[in-house]
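The values are calculated or read from the model by the stated rules, or taken from the named source; none is laboratory data. Since we're looking at a predicted model, the values are computed, not measured. In this analysis, Cβ positions are derived from the backbone assuming ideal geometry, glycine residues included, and neighbour counts consider all displayed protein chains.
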Amino acid sequence: MLLHHQFVRTAKQYETKLAIIDRTLNRRVTYKKALIGSLMLTKKFESYAPGFLGIMMPNSAGSVLAILATLMSGRVPVMINYSTGAAANCEFAQKKCAFKTIITSKALCEKINCPKIDGMVFLEDIMNSVGFFDKIKAAFRAGRPVESILKSIHEGNEDDTLLILFTSGSEKEPKGVQLTHKNIASNIVALKKAIGFSAEDTFLANLPYFHVFGQTANLWVPFADGMTIVTYANPLDFKTICEIVREERVTLMAGTPTFFWGYVRNSKPGDFSSVRILLSGADKCPDALRKVFTEKHGKVLLEAYGTTETSPAITVNSLEHNRPGSVGRPIDGVQVRVENYESGEPCAAGEIGKILVKGDNVMKGYFDDFEQTSLSIRHGWYDTGDMGYLDAEGYLWHVGRLKRFLKVGGEMVSLIRVEDVLEKLLPPDVECCVVEVPDSLRGSRIVAAITQPIDEKSTLKKMAEQLPNIAMPSRFVVMPELPKAGSGKIDFRTITERVRDIVQSQ
């Protein structure tokens, strides 16, 4: 399945149906208008150098059409994170992938105070250059039969790179992940089987398109089946998003725990009455978050698991097959193997080991990084770098990144486990993140970053009832706000650096 071709088929089948409800710019775009708009931009994009084309835009009708037009013109979108360090991210992407042109928005750059980088082209200027005859030609092309339209745009095959996404860089320098049409198409088919999507659904599309969760869940899944997407640029505008969900009768929502905490705290009874699926991913979903959604809205928050390198879905819970606390069972066509992190032998049910994945969802590789690709994918198995275990019924339980484990006295200590225990003892509005800090005497020690001061003595006493001494935090550091990536994911790299600086300066 070529995804831009699938969009054309969907657009022709559902011409009069709303494809995009743009709540950022208050526009409503039918599938027919979306097809015309993308074909119009395709002609403009054909004037740029072949190869990669940078895209740095917030979720809107414009960003959707720009991605489609890039593919239709035979270019490959390189999605750029604008949430932090936008200018540096643009230059990093240009250098890494050796391209110049970046399609962006003048309004976005002004809002985030991003200077104009050499190679930037503003979508507003492109649209102002569209003349009457450009519109007529695009409308004529859109009115032709499906096969005729498909022959007039870039073809290619399903193993071609669909786009480049950069890893979050939460642990080290971002890597360019090459995802193919086949990668994301396999996720679409499997997720539809697991969740039961249909053309009648309305999907909230507020996850940024520079993140794989947003690309698959908020763009390609909906457009494969003729759903309506409701775009909104700021996933942190929690109160407005709750109003949008209510007003547009959204039926599907996907997000990170950080976003869902914001929604539930800013929502009113009835805001989520139309929603049938709430899917949480990217970070561990706390028990308290699941509980409050059930109590306040009578909704089940389902947890899934994936990575950028797997397009992203690996496992998912569904309404019919849900085991709270687990990240669900492998989706159709995906194999999950848990192996001993030292011996490489398969782990028994309930035994913690490294999580490996095989399937059509596994990336082509890291762009221009054969060494890292070879280290991450062996014999078709992608090493997620995560630790977990499979239970007797095949549900996967994620227990944290391998890098978030410490070996103390021959024992493996999970920082995630320490966080879980601490989290349950903290007030609901206090966040925490547990990190490792080098220690000249002991090699390393555990430090907990918290967003508000707490009764440390009492907290440690209660933690000691559930954790061994080697897993106890040696101290607490107050950090009013925990840094997060644009996706809402905790930025462990930055938090660790800040905590280490604080500890070493005292």
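Here are the numbers:
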| read-out | value |
| --- | --- |
| Cross-chain or 6+ apart pairs with Cβ under 9 Å, the range 231-247 first and at pLDDT 95 or above, then exposed (fewer than 14 other Cβ atoms within 10 Å of the Cβ) and among the small types (Gly, Ala, Ser) | Arg246/Gly270; Arg246/Ser273 |
| Residue ID - surrounded by the fewest Cβ atoms within 10 Å (Cβ to Cβ), chosen from residues in the range 298-351 that are among the polar types (S, T, N, Q) and assigned to a strand (DSSP E or B) | Gln335 |
| Matching entry among Met79, Met72 (being under 30 Å from Asp159 (Cβ atoms), at pLDDT 95 or above and more than 23 Å from the chain's Cα centre (by Cα)) | Met72 |
| Scope the range 352-380; condition assigned to a loop (DSSP other than H, G, I, E, B), surrounded by fewer than 20 Cβ atoms within 10 Å (Cβ to Cβ) and aliphatic (A, V, I, L, M); matching residues | Ile352 |
| Total residues in the range 458-499, condition touching an Asp or Glu at 6+ places or on another chain (Cβ under 9 Å), basic (Lys, Arg) and either modelled with pLDDT of 85 or more or surrounded by fewer than 14 Cβ atoms within 10 Å (Cβ to Cβ) (or both) | 1 |
| The range 160-212 - residue that is in contact with an Asp or Glu (Cβ under 7 Å, 6 or more places away or on another chain) and over 23 Å from Lys358 (Cβ atoms) and, of those, surrounded by the fewest Cβ atoms within 10 Å (Cβ to Cβ) | Ser198 |
| Check on Phe45, surrounded by fewer than 24 Cβ atoms within 10 Å (Cβ to Cβ), under 28 Å from the mean Cα position of the chain (by Cα) and either of a type outside the set (Ser, Thr, Tyr) or modelled with pLDDT of 95 or more (or both) | yes |
| The range 436-457, subset modelled with pLDDT of 90 or more and of a type in the set (Gly, Ala, Ser), residue nearest to Thr84 (Cα to Cα) | Ala449 |
| Residue within the range 261-279 that is touching a Ser or Thr at 6+ places or on another chain (Cβ under 7 Å), within 28 Å of Val421 (Cβ to Cβ) and either at pLDDT 95 or above or surrounded by fewer than 24 Cβ atoms within 10 Å (Cβ to Cβ) (or both) present | no |
| Among residues of the range 79-90, those that are out of contact with any Leu (no Cβ under 7 Å at 6 or more places or on another chain), under 18 Å from Leu207 (Cα atoms) and either of a type in the set (D, E, K, R) or in a loop (DSSP other than H, G, I, E, B) (or both), counted | 4 |
| Residue that is modelled with the lowest pLDDT [pool: residues in the range 172-199 that are within 16 Å of the chain's Cα centre (by Cα) and either in a loop (DSSP other than H, G, I, E, B) or of a type in the set (Val, Ile, Thr) (or both)] | Pro174 |
| Index of the failed condition, Lys95 passing every other in (1) outside any helix (DSSP H, G or I); (2) within 24 Å of the chain's Cα centre (by Cα); (3) surrounded by fewer than 17 Cβ atoms within 10 Å (Cβ to Cβ) | (1) |
